[in-house]
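Reviewing the structure listed below.
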Amino acid sequence: MNDVRKPGPDGFTEEERAAIKERAKELKTARRRGGGEEKAAADRQDVLNTIAGLPRPDRALAERVHDIITAEAPDLAPRLWYGMPAYARNGKVLCFFLSAHKDKARYSTLAFTGEANLDDGAMWPTTYALTELTPSVEAAIRALVRRAVS
């Protein structure tokens, strides 16, 4: 049976309101941090702390996705986006991990934004369900990340 989320009087579900608050907090933190290497290190640590706080099996998935993305695209900057690990280029999020637990979903996802170079004709996938990271899934993620940043 699907989890039915009913919007409140403002039109947002509890999860959506929480995500909006999380994003506002991230923006305040980013303004306070300014720029440079200190900010990059703090952003990276925020991502690692968030991943460490995820319940299993989401934590294991997020750890491996983080390792793959940072290995394949070391120029992407890890940061939080709506409370989840994201990876940005020139300040714009290119891809992100979404925990099944946080989203109250059946599976976690790895998603790419319009900044990713995944265009393939008139239609192409940008969001991928993750339930397990087998060697073939890891290879597919590596290829997607390389293509996305090309």
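The values are calculated or read from the model by the stated rules, or taken from the named source; none is laboratory data. Note that the coordinates shown come from a computational prediction; the quantities given were computed from them, not determined experimentally. With ideal geometry, Cβ positions are generated from the backbone for all residues, glycine too; neighbour counts draw on all protein chains shown.
Across the range 1-50, the number of residues qualifying as modelled with pLDDT of 85 or more and over 16 Å from the mean Cα position of the chain (by Cα) comes to 6.
When you scan the range 47-89, how many residues do you find that are free of Cβ contacts under 8 Å to residues at least 60 places away in the same chain and under 16 Å from Phe112 (Cα atoms)? Count: 13.
Among the residues making up the range 99-142, those that are part of a helix (DSSP H, G or I) and within 17 Å of His66 (Cβ to Cβ) are Ala100, His101, Lys102, Val137, Glu138, Ala139, Ala140, Ile141, Arg142. Whether a residue is in contact with a Lys or Arg (Cβ under 6 Å, 6 or more places away or on another chain), touching a residue at least 12 places away in the same chain (Cβ under 8 Å) and closer than 17 Å to Ala86 by Cα was assessed, and Asp43 passes this test. Summed over the range 40-90, residues that are among the basic types (Lys, Arg), within 19 Å of Tyr107 (Cβ to Cβ) and assigned to a helix (DSSP H, G or I) total 2.
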